[in-house]
1. If I go through region 410-456 residue by residue, how many of them are without any contact (Cβ under 8 Å) to a residue 40 or more places away in the chain, farther than 30 Å from R63 by Cβ and either buried (at least 20 other Cβ atoms within 10 Å of the Cβ) or β-branched (V, I, T) (or both)?
2. Hey, any hits in region 189-208 for a residue that's assigned to a loop (DSSP other than H, G, I, E, B), within 20 Å of T103 (Cβ to Cβ) and more than 22 Å from the chain's Cα centre (by Cα)?
3. In region 147-169, what residues are within 18 Å of I197 (Cβ to Cβ) and among the β-branched types (V, I, T)?
4. Going by the structure shown, is L145 surrounded by 18 or more Cβ atoms within 10 Å (Cβ to Cβ), out of contact with any Leu (no Cβ under 9 Å at 6 or more places or on another chain) and within 26 Å of G97 (Cβ to Cβ)?
5. Can you tell which of T29, T23, T34 is modelled with pLDDT of 90 or more and buried (at least 20 other Cβ atoms within 10 Å of the Cβ)?
6. Out of all the residues in region 362-380, which are surrounded by 15 or more Cβ atoms within 10 Å (Cβ to Cβ) and either under 30 Å from K430 (Cα atoms) or β-branched (V, I, T) (or both)?
7. Return the residue satisfying two criteria in turn: it lies in region 92-133 and is surrounded by 24 or more Cβ atoms within 10 Å (Cβ to Cβ) and among the aliphatic types (A, V, I, L, M), and of such residues it is farthest from the chain's Cα centre (by Cα).
8. Scanning for something within 18 Å of T258 (Cβ to Cβ) and at pLDDT 85 or above, does region 128-135 turn up at least one residue?
Amino acid sequence: MSNILLIDFGSTYTKLTAVDTETESILGTSQSYTTVESDIINGYENALSELRKQTGNIVFDKRIACSSAAGGLKMVAVGLVPELTSKAARLASLGAGAKVIKTYSYELTKSDLEEIDSSRPDICLLCGGTDGGNKEVIIHNAGMLAKSTGHFPIVYAGNRNAADECAEILASKQCIVCSNVMPRLGITDSAPVQKVIREIFLTQIVKAKGLSKAQDLVGGILMPTPSAVLAAMKLLSKGTEREDGIGELVAVDLGGATTDVYSMCNGHPTNPMTTLRGLKEEYAKRTVEGDIGMRYSIKGILEASSPYEISTISGLPEDICLEKINHLAENTDELPSTEEDQNLDVALACIAVRTAVARHAGRIEEYYTPMGVSYVQTGKDLGSVETIIETGGALVRTGYAEKIGQYALYSPKDPMSLRPKKAKILTDRKYILAAMGLLSTEYPDVALHIMKKELV
């Protein structure tokens, strides 16, 4: 098998990447607006027509797809303690490629249940309690979810000692029981629940979102798009049995509505005087900033900064910046057409990257004790990460990727943030990361070679 077509049915664009696995090369890439409102196949056919201009009428031996169309995979996560099982549930959901709408802690209330039903999630993840620990809260929450008017699957990944009782309570719902996402205090086990979430996505969500035609056409939608990107990042970081990866890295995917950040590193405290508080996070971590994006969430960038800072970076007067930001918030499909527009987009991208990476990274706090100063770390220490990868339309189009990437780095203005201290900036100019994640399911060595060659 040689020619493979890799398809990403995105929320805004359908992106195609044609690969020759024998020569380990990209034959062409293209994109077109995703036409999920009418027939998703139309957007695919438009993108394919553009691709044929580069590849000619070659025959594809296989077609593999991922999707974040129709809102992606929307989830709510219910846990016990915000800093522990609720956080573990959220991280597991994000690692499965989901968009976490809301996380709930402690006992669900009537208003919580109404909010869950009105948000119409695709899946609800129910967690709470270590194995052998608290059962009362998760049993209560199962009882509340049993009263839900929604028709979403419920994945139980809490205290194993309450699993049977909760499954009985939820007998009228579709309830899938898997192993506890936090079996012991501070210890997470995300792989089983992520596997279940992925299976539900493949068997039910794709059909529910009207993507069945696309699935029939391409031979199957393998995973949500963020899962594909995460798979690519894991591969690039760790490598294969035959070839080493590039080591620890951070990736930033800057989109129109959200900004996703991925980190591949242990992130343990590097200072012997520093102790870790809260959950020990997994090597592969994904976070989503739903309020930070270049168009749909442009107001979130403004809120995370100030008109003065945007003006300073862009070189435009504050009133012009505000005028243009308000315009773009209403015209989300508009691309930069003048130098002023370009300068504003660069400034917004700088702030978006800084904000998203700062939220993803851990933080450190100083405490004064009778023995002197001690430090407490929450989250990951990304200080030693030496590679940052940028992707997303706003980053790929601009000629200022290096400048934007610098805003992901540590700054003395925020000394407690554990962002990377010094790193090489690589850019996904052909927008291939999701495609390489798909390709890695069957051709990991080929995908690794292409990424090493194409990321510049």
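The values are calculated or read from the model by the stated rules, or taken from the named source; none is laboratory data. Everything quoted here is computed from the prediction, not taken from an experiment. Cβ: placed from backbone, ideal geometry, glycine included. Neighbour counts: every protein chain shown.
1. Going through region 410-456 one residue at a time, the tally reaches 1.
2. No: zero hits.
3. I154, V155
4. Details: surrounded by 18 or more Cβ atoms within 10 Å (Cβ to Cβ): yes; out of contact with any Leu (no Cβ under 9 Å at 6 or more places or on another chain): no; within 26 Å of G97 (Cβ to Cβ): yes.
Answer is no for this residue.
5. Selected residue: T29, the only one of T29, T23, T34 that is modelled with pLDDT of 90 or more and buried (at least 20 other Cβ atoms within 10 Å of the Cβ).
6. I364, V376, T378, K380
7. L126
8. Scanning region 128-135, I find no residue that is within 18 Å of T258 (Cβ to Cβ) and at pLDDT 85 or above, so the answer is no.
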